Structure formats: C-alpha cells, structure tokens
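The values are calculated or read from the model by the stated rules, or taken from the named source; none is laboratory data. Computed from a predicted model, the values in this text were never measured in an experiment. Keep in mind that these areas ignore ligands, DNA and RNA; they rest on the heavy atoms of the full protein, side chains included. Shrake-Rupley method; radii C 1.70, N 1.55, O 1.52, S 1.80 Å.
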Amino acid sequence: MEDYSYGSSDDDEWDNQQCDNDDEDDDDDEFLDGFTEIEQERNGISGKGPSCKVIRKETLLAAQKEDLQRVMDLLSLKEHHARSLLIHYRWEVDKVFAVLVERGTEMLYAEAGVTLEGKDEHTSTLSTSEVTCQICFEDAPVEKTTVMDCNHIFCNECWTTHFIVKINEGQSKQVTCMAQKCNVICDEGKIRDLVTARDPALAEKFDRFLLESYIDDNKRVKWCPSVPHCGNAIRIEDDDYCCEVECACGVQFCFNCLSEAHSPCSCLMWKLWMKKCKNDGKTVTWISENAKHCPNCHNAVEKNGGCNLVRCRCGQPFCWLCGGATGLEHTWSSIRGHTCGIYKEGEEDKSTTVRNDLLRYTHYYERYMVHRDSLEAEANMKQKLKFEVLKLEARELQSKDFSWVENGCNRLLELRRILSCSYPVSFYVFDQTLFKDEMTQKDREIKKNLFENLQQQLEINVERLSMFLEEPFANYPEDKLLETRTKIITLSVLTDNLGKELYDCIDNDLLLPLQQANHTIAHYRSEGVAKASELPN
C-alpha cells in the first residue's frame, strides 16, 4: 500500500479548507450539532430503540414466559400446550398466528402433536382397581397409572422408563406418547412428576432443556460465542437475521454465522477466507520472507548458501535475484549467459498461474493483516485517550464537552475493522473462481476500479483520523485544541460517509447483480455494531 505523509503539507491542506469558514460560525455549529446527533444514537439517547436484547440466566424464564403468554391468551391454552406449539414452530409466535389463520386450529394442533384434554374414555372402565398396561402387560393399580391428553394409559413404571430414556437421548423437549402411531406430545408436568420420583437430578435436567429450548430452537435467539462462555444469549427484535451485535460481555459477532463481526464480507466469503488464512497464512508469511518459486515446477525453494545460483529439487537451476531459469555454469561474479542487473522495460511476466494466485493472495492477506494489527494497537489507544480527556477536564477551558474524543475513537475502531474485512471481499468478488462467468471482464474492471477507489479514500482518511487522535492534544493551547477538535469531528463524519458508500458499493454494485443469492452482508450502522440492551426480569 502506498505510504501517505501527514506532515506540514497536511496541516496546510486543513488550513486551506478552514480559511473560508472563519466567518461562518453558525454553519459550523450546525455541522457540529449534526455530528452530535449521530453520536447520541451511539449512546442510546436517540428515540430509536435497540434492535437486540441480552438474555441472562436470570431473565431467560421471563423471556420465555413473554412468548408463552401471548399464545396462551390467544388460544386459551395451558402452558405445556403453548410450549409444544412454540417449540414445533421454532418459537415464532407470528408463524403460529399465521398458521391458525390460514389452516385453522385443527391443523395447527395436529402438526405440532398437541391434543387438548377431552373426556377420558377410560374413566368408565376404571371402576376396577387395576389396569393392564399394554407395554409390560402387567396389572397395575389405577393410582399407579397415568393417562395423557391422547387418552392412552400405561403404568407409571413404563412411563418413567420411557421418559428417562428420551431425556438421556436429548429428546426431552418433545416427548411423544408410547402408543403405536401416536405423535401426541406428553404433558411436561406429568413427565416432571414421574421422573422426579425416581431421579430428581434428571428432572432438573429436563426442566433445563425445556427452558433452554427458547434459545436452542429459536432462530431469533442465539448463544453468545464468547470463550470462555459468558452465559448470555442475544435476541433479535426484528426479522433482520444478517446483522452484527454486541453482547453485554463486549464480544461483537455476526448473528447469522456466529463468527466475529466481519461485514462488509458475506458469511460465505468470511468462512472461505478464515479457512484459507488458517491453511495458507503462515505459509505465505514464511515464503515471502525466506523462499522463491522455481520457474519450472513452481515449488518454493529456500536458499541455504551464499551463491545466487540455486537449483530446485526438480533439477532446474535459476537465479535467486530475479527468479529466472538459467544454466548451471557460472563464474565468481556472474551466471554464464544470464544477466538480471539491467532493468528491461516492458518485459512480460512469465509467472505461472500457481505463482500468480499465491502472489495475489499474499497481496490481500498482507493488507488484511496490516489493518488487523492497527486495530489491535488502536484499541489499546482508547485507554490513553481517557487520560487525555481527564487532563482536558482539569484545565480551565471554555468548552467542557470532550465527547468528540471518544466518538472519534469509536469511529476509528469500527472503520478500521471494516477496512480489514474489505480485503477478503475484493479477493473473492474479483477472482475468477467463486463468481466465474458472473461478470464480463470489462464490468469486472469497472467495478474493481470503483471499489478500490472508495477503499483507498477510506484508507487515507482513516489514517488521518488515527494520526490526529494520537497527537498529545491535551497539552495544546486552546486555539490549537479547537483546531484539532474540528479536524477529528470532520474526519469522523467524512469517514462515516465513505463507510456508507463502500457498503453501498459492495451491496448494490457488486453483490446484488450476482445470481448467487447466498451473499448478503449486515447493514452499515453509523453508530457501530448494535449493542444488546438488558431484558427486564
């Protein structure tokens, strides 16, 4: 990547940009107020509510009860019937209501294995004191038998054994009746009572499975992928499942694939990129530093001596300096019949496809890692900036609002992450394998130039924002401090706009025209990754 200098010439550029604004204080205030509104959203001051909730262990029951109550009230059901419906329809309350309207109550219940209690057909035949169990064919006292909603009755011993087996097999969330061809879901209260009598610990496990089904079977709720696990789950409040969220523990992740936040890269691209980095990343780093490719077989060759005439194991000799094939004869100063000290203008590249592919991957991988490393360093800078703000607050300054420091840092960290993840996008979108025949060569070049131009503009201004935030501005005189403040606010808004344009380019210009529909990205958010708010008890 080209190096950009931000010395005195950069300050001159800023002076030129600001000189026309000296007499336009009202416009400047208007601009700064607009930036403040953006940051108010980040701090939860905006009227727009958060799009996700964090569910802790102590609030999980309340979250589940909320959905259960809606179904119970609408259909006048008992809790275990409502739970059976919601587990079957993956806790989508709206889908339960839709099936009710479109297909009727009978089909709604039948598909979920729910049968409401009717008149017990066995009541009239239970005047005797014993019943023959149709599982073990033993006579059992009536008080030691249990009948389910489907009116099938068996002895408690057989029921209990059936339930214990199902719980241990992990099928406790929808335990069906033992009778042949009966798919009715058993009453969870009766299951709990029978299992508790024999194994109280297993009954607790059963209750835990029922409770956690709200997370495990609910596409709107997923466990936080933090390691070690924080114990929290995140619930999405709308239908946008391709989004990025931040748990209360601070972990940011993609709700769709549970990987780290990776927009503007699609989940499939990110999965392929992570696999490639795991397999090839360290190899690329070592090869780029220690080896060169044989011009004949294209294998990597390491030089273990001082002579620049090396020989591959395939037998091909070549020059270590330029990588060109040569003969074996050489003098103390040169290889016979070969010279590479003179630069030849317009010499065609004779690299093979294998070598070109590796060079192409190396190009994108190195830039991806550079921004990852910068992100890590700038994350550590956040603590330093807090001390800078404390110094500013201790000074007698006209302005006491220093939120622009934290806001600028947050914008820097988010856009640095976005820049890093933009390189896998260009690696795959403009490759000839993943999207083969999706674009003509001309379209590919036009879109590549458009994307790389936006990417470069964002890079330049992110580096500028980083540079100004690293300055010791807490020690500046007030006039220079205000100048730095204006620069940081301006760059924060500018990079925000460029980030939006980059996402728009990827989403609408690169991915939307493609026939493959499995490449969607999370929407760009000026306030950063959505932070999950607490769910009340």
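Annotations for the structure displayed:
- For Ala291, residues with placed amide H under 5 Å, excluding near neighbours: none
- Rounded if a/c under 1.5, otherwise prolate or oblate - region 377-445, Cα gyration tensor axes: prolate
- Exceedance of the 28 Å cut-off in Cα-Cα distance is limited, within the set Lys400/Lys500; Lys144/Lys173; Lys384/Lys487; Lys384/Lys448; Lys219/Lys436; Lys53/Lys271, to Lys400/Lys500; Lys384/Lys448; Lys219/Lys436.
- Compared with the alpha-carbon gap, the fully stretched path from Ile446 to Lys205 is longer by 80.9 nm at 0.36 nm per residue.
- Extension gain for Arg372 to Cys314 (0.36 nm times residue separation, less C-alpha to C-alpha distance): 17.1 nm.
- Taking only the C-alpha atoms of region 435-503, Rg followed by Dmax gives 17.7, 60 Å.
- For region 445-504, the solvent-accessible area of protein heavy atoms averages 40 Å² per residue (probe radius 1.4 Å; ligands and nucleic acids excluded).
- Against the rule of thumb 2.2 N^0.38 Å, how large the Cα Rg of region 195-323 comes out: 1.87
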